[in-house]
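Colleague: Before I ask anything, let me first share the structure, which is written out below as structure tokens.
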Amino acid sequence: MKKVLVIGNGNDCRSLMMEGWLRYYTGSEALIYSAGYSPSEVNPLAVRVMMDAMIDITGSEPNSVMDLPEKQFDYIINMA
């Protein structure tokens, strides 16, 4: 199974949205993670926009790149 990491500055908007889209399109075929260099609060606008697309990221929490459970990834997408 492929592992994908999406990195953003705060892991509060774009990287969480990308994580949501990747989970939507890959289903159970890939493990998708997102993290930030300086995690901050989830942007409510990101949650609302994703809900408009029928993708629920309300349970998402910003993560630090230092606290990832996995250390090796097949793909890394840097959105910072």
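Colleague: Go through (1) touching a helix residue (DSSP H, G or I) at 6+ places or on another chain (Cβ under 8 Å); (2) among the β-branched types (Val, Ile, Thr); (3) farther than 14 Å from SER15 by Cα and name the single condition THR26 misses.
Modeller: For THR26, the exception is condition (1).
Colleague: Counting only residues that are in contact with a Leu (Cβ under 9 Å, 6 or more places away or on another chain) and under 11 Å from SER15 (Cβ atoms), how many does segment 44-77 have?
Modeller: Within segment 44-77, residues that are in contact with a Leu (Cβ under 9 Å, 6 or more places away or on another chain) and under 11 Å from SER15 (Cβ atoms) number 6.
Colleague: Filter segment 1-43 for residues that are of a type in the set (Asp, Glu) and surrounded by 14 or more Cβ atoms within 10 Å (Cβ to Cβ); which is farthest from ILE57 (Cα to Cα)?
Modeller: Residue satisfying both the conditions and the ranking: ASP12.
Colleague: Residue pairs, Cβ under 9 Å, 6 or more apart or interchain, first in segment 30-57 and within 16 Å of PHE73 (Cβ to Cβ), second in a strand (DSSP E or B) and of a type in the set (Lys, Arg). List them.
Modeller: Partner pairs satisfying both residue conditions: ALA30/LYS2; ALA30/LYS3; LEU31/LYS2; LEU31/LYS3; ILE32/LYS3; TYR33/LYS3.
Colleague: I'd like the full set of residues that are polar (S, T, N, Q) and touching a Pro at 6+ places or on another chain (Cβ under 8 Å), limited to segment 1-38. Give the derivation first.
Modeller: Here is the first cut: in segment 1-38, the residues polar (S, T, N, Q) are 9, 11, 15, 26, 28, 34, 38.
The one that is polar (S, T, N, Q) and touching a Pro at 6+ places or on another chain (Cβ under 8 Å): ASN11.
Colleague: Whether any residue in segment 50-70 is modelled with pLDDT of 95 or more, crowded, with 18+ Cβ neighbours inside 10 Å and under 15 Å from LYS3 (Cβ atoms) is what I want to check.
Modeller: Taking every residue of segment 50-70 in turn, at least one turns out to be modelled with pLDDT of 95 or more, crowded, with 18+ Cβ neighbours inside 10 Å and under 15 Å from LYS3 (Cβ atoms).
Colleague: Here is a follow-up. Where in the chain are the strands (runs of 3 or more DSSP E), entirely inside, with at least 2 residues that are more than 11 Å from the chain's Cα centre (by Cα) and of a type in the set (Phe, Trp, Tyr)?
Modeller: none
The values are calculated or read from the model by the stated rules, or taken from the named source; none is laboratory data. Only a predicted model underlies this, so the values are computations on that prediction, with no experimental measurement involved. Cβ: placed from backbone, ideal geometry, glycine included. Neighbour counts: every protein chain shown.
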